[in-house]
Amino acid sequence: MEYMLMPLRRYADFSGRSRRMEFWMWQVFQVLVYVGITIVMMLLGGGMMLTQSDPAAMAAAGGGVLIVGGIYLIYILAVFIPSLAVAVRRLHDTNRTGWWILAPLAPYLLVIAAGGMAISSPDSVGAAGGLVLIGAAGALILGLVLLIFYLLEGTRGPNRYGADPKGGTNEEVFA
């Protein structure tokens, strides 16, 4: 539980390093919150479906779904920065720059270019579709590369981003 909430204690700390345990326990925590919210919304939505003959009850259940959805939106906005920070620190632990987190977004420049190409010339829709396909494949490949970086063990001992979060020193590593 300590590792699940550690990113909240280090809310906007983009410096230093984070262990795999901290990063993945944070991800598990996010999934648990998402599943919990989804179950509540399904129960409220199911209640709405069961009360189809009573418009007031249906409206109340629908309002409940909107309120829970709004609460979840506020939660997502609140944890965006710690999620980004823990991902950057995880990359730092593997001795990579935090800018790698933007790598899967780069191929979308091809998609934007393809959209402009399709708008400017209707004859180039096929080529634009090809650029979209290449951009989507690039985003998928770079997303998988980023996932592999998150799964890799961190650098043993200190690296350019700080001390080893596991507490290892060069003397222990190279003894």
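Figures for the structure shown
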{"read-out": "Hits in the range 59-83 (condition: in contact (Cβ under 8 Å) with a residue 24 or more places away in the chain and among the aromatic types (Phe, Trp, Tyr))", "value": "Tyr72, Tyr75"}
{"read-out": "Single residue of Phe23, Phe29 found to be in contact with an Asp or Glu (Cβ under 9 Å, 6 or more places away or on another chain), assigned to a helix (DSSP H, G or I) and surrounded by 12 or more Cβ atoms within 10 Å (Cβ to Cβ)", "value": "Phe23"}
{"read-out": "Pairs where the first residue, in the range 39-58, is more than 18 Å from Tyr72 (Cβ to Cβ) and surrounded by 15 or more Cβ atoms within 10 Å (Cβ to Cβ) and the second is at pLDDT below 75 and not polar (S, T, N, Q), C-beta under 9 Å, 6+ apart", "value": "Met58/Gly47; Met58/Met48; Met58/Met49"}
{"read-out": "Scope the range 102-129; condition surrounded by 14 or more Cβ atoms within 10 Å (Cβ to Cβ) and either free of Cβ contacts under 8 Å to residues at least 12 places away in the same chain or within 29 Å of Arg160 (Cβ to Cβ) (or both); matching residues", "value": "Ala103, Pro104, Pro107, Ala118, Ser124"}
{"read-out": "Scope the range 144-161; condition free of Cβ contacts under 8 Å to residues at least 40 places away in the same chain and closer than 29 Å to Ala114 by Cβ; matching residues", "value": "Leu144, Leu147, Ile148"}
{"read-out": "Ala113 being modelled with pLDDT under 95 and closer than 30 Å to Pro158 by Cα", "value": "no"}
{"read-out": "Meets criteria (open to solvent by 80 Å² or more (accessible area, probe 1.4 Å), among the β-branched types (Val, Ile, Thr) and at pLDDT 95 or above) for Ile74", "value": "yes"}
{"read-out": "Number of the condition not met by Ser18 [criteria: (1) part of a helix (DSSP H, G or I); (2) surrounded by 12 or more Cβ atoms within 10 Å (Cβ to Cβ)]", "value": "(1)"}
{"read-out": "For Ile81: the one exception among (1) more than 20 Å from Phe149 (Cβ to Cβ); (2) at pLDDT below 95", "value": "(2)"}
{"read-out": "Any hit, the range 91-101, residues being open to solvent by 80 Å² or more (accessible area, probe 1.4 Å) and of a type in the set (Ser, Thr, Tyr)", "value": "no"}
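The values are calculated or read from the model by the stated rules, or taken from the named source; none is laboratory data. Worth saying up front: this structure is predicted, and the values here are computed from it rather than measured. Note: ideal-geometry Cβ built from the backbone for every residue, glycine included; neighbour counts use all protein chains shown. These area figures cover heavy atoms from the full protein model, side chains too; ligands, DNA and RNA do not enter into them. Shrake-Rupley method; radii C 1.70, N 1.55, O 1.52, S 1.80 Å.
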